[in-house]
Amino acid sequence: MTGLHDLEARLAPHFLTVLGGFNPDPGEAGIWKFAQTLVLIGPKEPGYWPHLTAQKEWDGRPDPVDRWSRRVIGRLACQIGGKALFPFGGPPFHPFYAWALRSGQVWDSPVRLLVHAGQGLMVSFRGALALRERFEIAPATRPCDSCAAPCLRACPAGVLGRAGYDVPGCHAFLDQPAGADCLNAGCITRRACPLSAGYARLPEHSGYHMSQFHK
């Protein structure tokens, strides 16, 4: 592999992209002893959801998104001589939250959810690639530093704020008729982020993940 542009070209047919990365410490535990770079991989819009739901894993059996991610990212890792790591399949689980904060492209938002320089609060990770090559990934500017933080006022249930996320309170709200918009079209707080609003994620994509969360 010749560089990150080559990696992006390999990811593009699967509507995936590099969402950030970092250079691990030599021999850092939990990654891969040969890793010089760890890159975080996630959906690339527009087009990700129609592509994903047309894949063979969308067969009515459990965990189609995870099964597809493992096949696609795992195969790519083999092709380029790297190692695939995933945010599912534990315990133990890989520390994707902590990895994201080291990436220079993702930060802790005012509501404590991760926010990405391009995808806002809609950011999600399908996996990571530990690479033998050393690549430098330029950091971005934290978008929240120049934002009025509408996310802090958006949650209709008042369960997302500076204190963090009241998960039981969220589930209780989703059980009510007033929670139908969040459940069917995705979290209102995530949608309130100006970067999220400009990102082409489909409501049915968000709705699917909300339905999985609220089983």
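Looking at the range 1-59 only, could you name the residues that are more than 27 Å from GLY198 (Cα to Cα), out of contact with any Phe, Trp or Tyr (no Cβ under 8 Å at 6 or more places or on another chain), of a type in the set (D, E, K, R) and surrounded by 12 or more Cβ atoms within 10 Å (Cβ to Cβ)?
Answer for the range 1-59, where residues must be more than 27 Å from GLY198 (Cα to Cα), out of contact with any Phe, Trp or Tyr (no Cβ under 8 Å at 6 or more places or on another chain), of a type in the set (D, E, K, R) and surrounded by 12 or more Cβ atoms within 10 Å (Cβ to Cβ): just GLU28.
Go through (1) over 20 Å from the mean Cα position of the chain (by Cα); (2) at pLDDT 95 or above one by one and return the number of the condition PRO143 breaks.
All conditions are met except number (1).
Considering only residues that are buried (at least 17 other Cβ atoms within 10 Å of the Cβ) and over 14 Å from PRO143 (Cα atoms), which ones fall in the range 101-118?
Residue satisfying the conditions is SER103 alone.
What number of residues within the range 171-215 are of a type outside the set (Phe, Trp, Tyr), within 20 Å of the chain's Cα centre (by Cα) and in a helix (DSSP H, G or I)?
Within the range 171-215, residues that are of a type outside the set (Phe, Trp, Tyr), within 20 Å of the chain's Cα centre (by Cα) and in a helix (DSSP H, G or I) number 22.
Given the condition in contact with a Lys or Arg (Cβ under 7 Å, 6 or more places away or on another chain) and either among the hydrophobic types (A, V, I, L, M, F, W, C) or surrounded by 21 or more Cβ atoms within 10 Å (Cβ to Cβ) (or both), answer yes or no: does some residue in the range 119-127 qualify?
yes
Check ALA178, ALA157, ALA185 and return the single one that is more than 21 Å from ILE31 (Cα to Cα), touching a residue at least 12 places away in the same chain (Cβ under 8 Å), touching a Phe, Trp or Tyr at 6+ places or on another chain (Cβ under 6 Å) and surrounded by fewer than 19 Cβ atoms within 10 Å (Cβ to Cβ).
ALA157
Can you name every residue in the range 108-126 that is at negative phi and not aliphatic (A, V, I, L, M)?
ASP108, SER109, PRO110, HIS116, GLY118, GLN119, SER124, PHE125, ARG126
Taking the condition of being crowded, with 16+ Cβ neighbours inside 10 Å and within 12 Å of the chain's Cα centre (by Cα), how many residues in the range 89-100 meet it?
Summing the residues that are crowded, with 16+ Cβ neighbours inside 10 Å and within 12 Å of the chain's Cα centre (by Cα) in the range 89-100 gives 3.
Cβ-Cβ below 9 Å, separation at least six or inter-chain, first residue in the range 1-24 and farther than 14 Å from LEU38 by Cβ, second among the hydroxyl-bearing types (Ser, Thr, Tyr) and outside any loop (DSSP other than H, G, I, E, B): which pairs?
That search, which allows pairs on different chains as well, returns GLU8/THR17; LEU11/THR17; HIS14/TYR48; PHE15/TYR48; LEU16/TYR48; LEU16/SER69.
The values are calculated or read from the model by the stated rules, or taken from the named source; none is laboratory data. Bear in mind that the values here come from a model prediction, so they are computed numbers and not experimental data. Positions of Cβ are backbone-derived with ideal geometry, glycine not excepted, and every protein chain shown enters the neighbour counts.
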